[in-house]
Amino acid sequence: MIKVDISNVWGDLSLPDLLATEQEVFNAHKVLTEGKGPGSDFLGWLNLPTFEETEEMRRIRRAAERIRSDSQVFVVVGIGGSYLGPRAAIELVKGQNYNLTNDTQVFFAGNNLSTRAWQELCALLEGKDFSINIISKSGTTTEPAIATRALRWMLERKYGAEKAKKRIYVTTDPEKGALRQMATEEGYETFVIPPDVGGRYSVLTAVGLLPMAVAGINPTDVMLGAARARKELDVRSFENPAWQYAAIRNLLYRKGKKIEMLCCYEPSFKCFGGWWQQLFGESEGKDGKGIFPATAEFTADLHSLGQMIQQGERNLFETVVRFTPPRKKTAIELDWKNLDGLNYLEGKTLDFVEEQAFLGTLNAHVDGGVPVIVLQTDEVDADTIGELFYFFELSCGISAYMLGVNPFNQPGVEFYKKNMFHLLGKPGY
Ligand code: PA5
């Protein structure tokens, strides 16, 4: 189970400060679980994780087996909450180079408007058997809609209209929207984003689970990890790690720490950071409030952002995610000439060196006035990421209610779209 180490935040806060928020955290958690707060139409994610396998899960596994047997490439089309979760999970569990090792490669499209990225994808698909998964709750988002139109044509030209239909999987609202209508009319296999689950809280639906399953991650293990988290985080006291995380980040924000930097020493965590950034950024950044969610990859970014973190404006705190290192060790060898001067590390494991880097950085940043929350979790696997997803979702809901905002809307996202549609001449804009 995730442990939250808050022993490095006390420069700016005191234990009585934390304990004084008990009623506030209790109320935020209660309002969330009882559906009494703003945005309570979107609480379906709270109950998604279950220990029993649902029919939807069985369908996801069957579809994934079919895709793995008939496709060299699986293209996942979606943006925001409709792509960050699966990408985060696949990269974290399978590694950043998963497409070099997996039998079925998974590419993501429809999350940008870049001509270069599109042409690169077309080149990658050349001569390959492929299937697509169109993910959009609304079914009207411009970026995935443009990619969908082009990919459907590519499939039809390659396989003919009828065979192409068997290679198109749609994940969308069960009833509403243009994508649901398209899937019904064309006869595509569909998966559901429940109406009461918003995009950024949808990773534990088919949105996340189908691409994960195609990439070789067992969706049942992800759900078991999430279901365990759901059970273990249903505690109404500061023993609850989600309470500690939500309360401390709000207290630090009130002390002027306006930026939270989510850091990890695993390069494959980068996309998970992107998922977390959307979750907290869209949930909390409104009404002139919100902690700015930033991310950093250590140790690499210690050689770029390290200076700013150590001695720049004292407006940030860090949350460091730590995974138990792999059981298989890698040791540093002896070199008789010792030209690189590294013989003092001979026989030491790489994770020992990494641990010292973590401890040294932690102490330096705390000494420099940066409070550091440490989230300690198990080894990276499907179960652990299920747990992490649920932990952050629950913490975010509680934290946003403590902040006094609706965690489940994103009215600000519409502003750029209106301008863009006007410039593009879309009817009605
Ligand atoms: O969290 C959200 O709801 C958004 O970020 C959406 O996920 C994103 O805008 C994509 O929307 P849709 O799934 O409707 O295409």
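The values are calculated or read from the model by the stated rules, or taken from the named source; none is laboratory data. Note that the structure is a prediction, hence the values are computed from the model and not measured. Note that each Cβ is placed from the backbone with ideal geometry, even for glycine, and that neighbours are counted across all protein chains shown.
Only one entry of VAL366, VAL380 meets the criterion of being surrounded by 13 or more Cβ atoms within 10 Å (Cβ to Cβ) and either farther than 30 Å from ALA247 by Cβ or within 17 Å of the chain's Cα centre (by Cα) (or both), and that entry is VAL380. Looking across the range 234-278, the residues that are within 17 Å of ASN8 (Cβ to Cβ), of a type outside the set (Phe, Trp, Tyr) and part of a loop (DSSP other than H, G, I, E, B) come down to LYS255, LYS257.
For the range 57-83: of the residues being within 16 Å of the ligand (Cβ to nearest atom) and touching a strand residue (DSSP E or B) at 6+ places or on another chain (Cβ under 6 Å), which is farthest from LYS417 (Cα to Cα)? For the range 57-83, the residue satisfying everything is VAL75. Flag: THR190 does not match the condition of being touching a residue at least 12 places away in the same chain (Cβ under 8 Å), outside any helix (DSSP H, G or I) and closer than 22 Å to ASN409 by Cβ.
Residue check: is ARG167 away from the ligand (no atom under 12 Å from the Cβ), buried (at least 22 other Cβ atoms within 10 Å of the Cβ) and at pLDDT 95 or above? Yes. Out of the residues in the range 103-121 meeting the condition of being surrounded by 12 or more Cβ atoms within 10 Å (Cβ to Cβ) and of a type in the set (Gly, Ala, Ser), tell me which one is farthest from the chain's Cα centre (by Cα). Among those residues, the one meeting the criterion is ALA117.
Yes/no matrix, rows are residues, columns are (1) more than 30 Å from VAL405 (Cα to Cα); (2) in a helix (DSSP H, G or I); (3) among the β-branched types (Val, Ile, Thr):
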site	(1), (2), (3)
ASN27	no, yes, no
LYS30	no, yes, no
GLY37	no, no, no
ARG66	yes, yes, no
GLY85	no, yes, no
VAL93	yes, yes, yes
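Just one of the listed residues (TYR253, TYR245) is crowded, with 18+ Cβ neighbours inside 10 Å and over 21 Å from LEU359 (Cα atoms), namely TYR253. Looking across the range 130-148 at every residue that is assigned to a loop (DSSP other than H, G, I, E, B) and buried (at least 20 other Cβ atoms within 10 Å of the Cβ), the one that is farthest from the ligand (Cβ to nearest atom) is identified as GLY139.
Among the numbered conditions (1) more than 16 Å from the ligand (Cβ to nearest atom); (2) within 28 Å of LYS258 (Cα to Cα), the only one that PRO411 does not meet is (1). In the set (1) within 13 Å of the ligand (Cβ to nearest atom); (2) crowded, with 22+ Cβ neighbours inside 10 Å, the condition left unmet by LYS176 is number (2).
Scanning the range 47-56 for residues that are more than 16 Å from the ligand (Cβ to nearest atom), within 21 Å of LEU224 (Cα to Cα), of a type in the set (A, V, I, L, M, F, W, C) and touching a helix residue (DSSP H, G or I) at 6+ places or on another chain (Cβ under 6 Å) turns up at least one hit. Quick check, is LEU151 surrounded by 15 or more Cβ atoms within 10 Å (Cβ to Cβ), assigned to a helix (DSSP H, G or I), free of Cβ contacts under 8 Å to residues at least 60 places away in the same chain and among the aliphatic types (A, V, I, L, M)? It is false that LEU151 is surrounded by 15 or more Cβ atoms within 10 Å (Cβ to Cβ), assigned to a helix (DSSP H, G or I), free of Cβ contacts under 8 Å to residues at least 60 places away in the same chain and among the aliphatic types (A, V, I, L, M). In the range 114-129, is there at least one residue being within 16 Å of the ligand (Cβ to nearest atom) and of a type outside the set (S, T, N, Q)? No, there is no match, as no residue in the range 114-129 is within 16 Å of the ligand (Cβ to nearest atom) and of a type outside the set (S, T, N, Q).
Only one of the numbered conditions (1) more than 30 Å from ASN218 (Cβ to Cβ); (2) more than 22 Å from the chain's Cα centre (by Cα) is violated by LYS328, and that is (1). Applying a threshold of 7 Å to beta carbon distances and a minimum spacing of six or more residues, or different chains, the list of pairs starting in the range 402-429 at a residue that is in contact (Cβ under 8 Å) with a residue 40 or more places away in the chain and part of a loop (DSSP other than H, G, I, E, B) and ending at one that is acidic (Asp, Glu) and surrounded by fewer than 16 Cβ atoms within 10 Å (Cβ to Cβ) reads VAL405/ASP287. The set of residues from the range 370-401 being of a type outside the set (S, T, N, Q), assigned to a helix (DSSP H, G or I) and within 23 Å of THR220 (Cα to Cα) comprises ALA382, ASP383, ILE385, GLY386, GLU387, LEU388, PHE389, TYR390, PHE391, PHE392, GLU393, LEU394.
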